[in-house]
Every structure is written in C-alpha cells, then in structure tokens.
Amino acid sequence: MIFIRQEQTRYVISMMDMELAVEGVRHGQKECVIITEHETVYTAGRSTESMDFLKSSGKWERYPIYHSKRGGRVTVHSPGQIVVYPIINLRFRGLSVTTYVSLLEEWIINALATFYVKSFRSDHGIGVWTPCIQSYGETVPSKIGFVGIRIVKGIASHGFCINVNNDLMLFNDIIPCGLHDVRITSLKNILGAEIEMETFIYSIIQSCPLRNNPPQY
C-alpha cells in the first residue's frame with residue numbers, strides 16, 4: 001500500500017487522480033491512499049436532496065458545489081480538514097461493504113485516539129462522533145469524522161474526512177449528511193489549539209487498519 005500526501009488540491013483534480021488510481025488498482029497496481037485538503041467546496045453525494053442546502057442561508061452559493069459519485073448526502077470540504085481517499089481492492093481482501101465502512105470508522109477513531117480524543121460510532125448514522133461539553137455543561141455527541149464511499153467492480157474509492165482546523169461555520173448553511181440538528185466539531189475545537197497538520201497526517205498513516213490486512217492477489 002502506498003500513501004500519497006498531496007498539498008491542498010482542487011477537488012476536481014483529486015477526483016481525476018482518484019479515478020486514475022482506481023484504474024491502476026483494477027489492473028493490478030498497488031493499492032494507494034491519497035491524503036489531501038481541498039479549497040472550500042460543497043460536495044453532494046448520490047442521496048443528496050435539494051433541501052440539504054438551506055435556502056434561508058444562501059451563503060453556500062458563494063462556493064462551488066460538486067455532484068459526487070460517492071454515497072451519502074451533502075458535506076463541505078475546506079482548508080484545515082483532512083480528506084483521505086483509500087483506493088482498495090475489496091474483492092481481493094475479502095471485505096464486505098459493511099466491514100469496509102466499519103474499518104474506515106475504526107481508522108478515524110484510532111487516529112483521534114493518538115491525540116487522546118475519545119470518539120465512537122453512533123446510531124445517528126455512518127461516521128464518527130465525539131462527546132463535546134456545551135457551554136451549559138451538557139455533554140452532546142458531535143460529529144467529527146465523515147465517511148462516503150463508492151464501489152465499482154470490487155474497487156473502493158472516495159473515503160473519509162476529519163475536521164481538524166477547518167471553519168465549522170460552513171456547516172451551518174447545509175444539513176450535513178442529511179442529519180437535522182447534528183452538532184459538528186473539530187480537533188481544534190476540542191483541544192482548544194491549532195493542530196499541526198503533518199503530525200495528524202502521520203497519525204492517520206500509522207492508524208491505518210488496512211495495513212494489517214493485505215490483499216490476497
């Protein structure tokens with residue numbers, strides 16, 4: 001497995017890179033993981049509904065909206081959010097879709113744990129949550145990790161993103177993942193300080209559970 005670290009990359013460029021990687025893996029090349037950040041863009045998954053963009057706000061109109069081939073609904077990418085695109089041959093690994101999604105969630109949980117941040121799966125939906133203490137003292141689950149994948153002929157692409165230092169206000173203009181009243185958080189918000197991105201990316205690489213389950217070609 002090869003890990004590819006890209007600097008901040010335009011979303012459309014990353015999609016092109018990802019499709020090339022998918023073709024490579026399909027023809028026997030090594031699996032790879034693209035790790036990057038994007039300019040501010042909204043991406044609409046295959047299940048997105050028009051109501052996911054809040055018309056009362058309209059602020060989302062200032063940024064590009066891309067219709068994505070991944071599953072799920074609408075989310076936002078912006079600088080300070082780490083986006084991870086694993087290109088994985090599920091067929092050779094003998095992984096079901098459910099197991100693979102669970103592994104991606106485990107990956108996020110393990111990466112956050114290296115910063116001593118507790119996180120967990122939730123009945124609210126796919127992704128990763130963490131307990132956040134609100135100003136009035138109540139602990140409320142807040143979403144920090146997002147998962148959306150595409151699978152074609154046994155090859156998985158797209159992947160997940162984790163809020164690290166990004167602007168959380170951008171989530172106020174949409175219904176993230178189609179979840180009403182969901183609270184969104186970031187590592188910076190939890191720890192109260194800016195996070196060194198390269199340090200967190202190293203944690204992501206080291207936390208990858210797929211390294212322990214190599215494909216059987």
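The values are calculated or read from the model by the stated rules, or taken from the named source; none is laboratory data. Keep in mind that this is a model prediction, so the values were computed, not measured. All Cβ positions, glycine included, derive from the backbone under ideal geometry; neighbour counts span all protein chains shown.
Here is a list: Ser47, Ser14. Which entry is within 18 Å of the chain's Cα centre (by Cα) and over 27 Å from Ser203 (Cα atoms)? Full working, then the answer.
Values: Ser14 fails: over 27 Å from Ser203 (Cα atoms).
Just a single option satisfies the conditions, and that option is Ser47.
Every residue, every condition in (1) of a type in the set (A, V, I, L, M, F, W, C); (2) over 19 Å from Tyr116 (Cβ atoms); (3) touching a residue at least 40 places away in the same chain (Cβ under 8 Å); (4) surrounded by 12 or more Cβ atoms within 10 Å (Cβ to Cβ), yes or no:
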| site | (1), (2), (3), (4) |
| --- | --- |
| Cys132 | yes, no, yes, yes |
| Ile149 | yes, yes, yes, yes |
| Ile155 | yes, yes, yes, yes |
| Met169 | yes, yes, no, no |
| Thr185 | no, no, yes, yes |
| Ser203 | no, no, yes, yes |
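Within the range 148-196, work out how many residues are more than 22 Å from Ala44 (Cβ to Cβ), among the charged types (D, E, K, R) and touching a Gly at 6+ places or on another chain (Cβ under 9 Å).
Number satisfying all stated conditions: 2.
Pick from the range 179-201 the residues that are under 16 Å from the mean Cα position of the chain (by Cα) and β-branched (Val, Ile, Thr): which of them is modelled with the lowest pLDDT?
Among those that are under 16 Å from the mean Cα position of the chain (by Cα) and β-branched (Val, Ile, Thr), it is Ile184.
Would you pick out the residues in the range 157-167 that are surrounded by fewer than 23 Cβ atoms within 10 Å (Cβ to Cβ) and either in a helix (DSSP H, G or I) or out of contact with any helix residue (DSSP H, G or I) (no Cβ under 7 Å at 6 or more places or on another chain) (or both)?
Matches in the range 157-167: Asp167 only.
I'd like to know if the range 100-108 contains one or more residues that are free of Cβ contacts under 8 Å to residues at least 24 places away in the same chain and not basic (Lys, Arg). Walk me through how you get there before you give the answer.
From the range 100-108, those free of Cβ contacts under 8 Å to residues at least 24 places away in the same chain are 102; that's our starting set.
Still in the list and also not basic (Lys, Arg): 102.
Checked the range 100-108: at least one residue is free of Cβ contacts under 8 Å to residues at least 24 places away in the same chain and not basic (Lys, Arg).
Please tell me if Phe146 is assigned to a strand (DSSP E or B) and aromatic (Phe, Trp, Tyr).
Numbers: assigned to a strand (DSSP E or B): yes; aromatic (Phe, Trp, Tyr): yes.
When the stated conditions are applied, Phe146 passes them.
Sort through Pro215, Pro141, Pro176 and tell me the only one that's surrounded by 14 or more Cβ atoms within 10 Å (Cβ to Cβ), at pLDDT below 95 and over 18 Å from the mean Cα position of the chain (by Cα).
Working: Pro141 fails: over 18 Å from the mean Cα position of the chain (by Cα); Pro176 fails: over 18 Å from the mean Cα position of the chain (by Cα).
None of the others qualify; the one that does is Pro215.
Mind listing just one residue for me: the one in the range 64-98 that is outside any strand (DSSP E or B) and β-branched (Val, Ile, Thr) and, of those, surrounded by the fewest Cβ atoms within 10 Å (Cβ to Cβ)? Show your work before the answer.
From the range 64-98, those outside any strand (DSSP E or B) are 64, 68-73, 78-80, 90-98; that's our starting set.
Those left that are additionally β-branched (Val, Ile, Thr): 97-98.
Numbers: Val97: 12, Thr98: 8.
Restricting to residues being outside any strand (DSSP E or B) and β-branched (Val, Ile, Thr), the top hit is Thr98.
Are any residues in the range 99-135 touching a strand residue (DSSP E or B) at 6+ places or on another chain (Cβ under 6 Å), at pLDDT below 90 and either more than 24 Å from Met169 (Cβ to Cβ) or in a helix (DSSP H, G or I) (or both), and if so, which ones?
Residues satisfying the conditions do not exist here.
Any residue at all in the range 115-137 that's hydroxyl-bearing (Ser, Thr, Tyr), touching a helix residue (DSSP H, G or I) at 6+ places or on another chain (Cβ under 7 Å) and closer than 23 Å to Glu196 by Cα?
Start the filter on the range 115-137 by keeping residues that are hydroxyl-bearing (Ser, Thr, Tyr), which leaves 116, 119, 122, 130, 135-136.
Keeping just the survivors that are touching a helix residue (DSSP H, G or I) at 6+ places or on another chain (Cβ under 7 Å) gives 119, 130.
Among the residues that remain, those that are also closer than 23 Å to Glu196 by Cα are: 119, 130.
There is at least one residue in the range 115-137 that is hydroxyl-bearing (Ser, Thr, Tyr), touching a helix residue (DSSP H, G or I) at 6+ places or on another chain (Cβ under 7 Å) and closer than 23 Å to Glu196 by Cα.
For the range 1-14, name all the residues that are in a helix (DSSP H, G or I), touching a residue at least 24 places away in the same chain (Cβ under 8 Å) and either out of contact with any strand residue (DSSP E or B) (no Cβ under 8 Å at 6 or more places or on another chain) or surrounded by fewer than 18 Cβ atoms within 10 Å (Cβ to Cβ) (or both).
So the first thing to find is which residues in the range 1-14 are in a helix (DSSP H, G or I), and the list is 11-14.
With the extra rule that they be touching a residue at least 24 places away in the same chain (Cβ under 8 Å), the set shrinks to 11-12, 14.
Passing the criteria: only Val12.
Cβ-Cβ distance below 7 Å, separation of 6 or more or different chains: which pairs start in the range 26-38 with a residue that is within 21 Å of Pro209 (Cα to Cα) and end on one that is basic (Lys, Arg) and not in a loop (DSSP other than H, G, I, E, B)?
Pairs found: Ile35/Arg5.
Filtering the range 15-63 down to residues that are of a type in the set (Ser, Thr, Tyr) and part of a loop (DSSP other than H, G, I, E, B), which residue is modelled with the highest pLDDT? Can you show your working first?
Just the residues of the range 15-63 that are of a type in the set (Ser, Thr, Tyr), to begin with: 36, 40, 42-43, 47-48, 50, 56-57, 63.
Those still in the list that are part of a loop (DSSP other than H, G, I, E, B) too: 40, 47-48, 56-57, 63.
Details: Thr40: 93, Ser47: 72, Thr48: 75, Ser56: 57, Ser57: 59, Tyr63: 82.
Filtering the range 15-63 for residues that are of a type in the set (Ser, Thr, Tyr) and part of a loop (DSSP other than H, G, I, E, B), the one modelled with the highest pLDDT comes out as Thr40.
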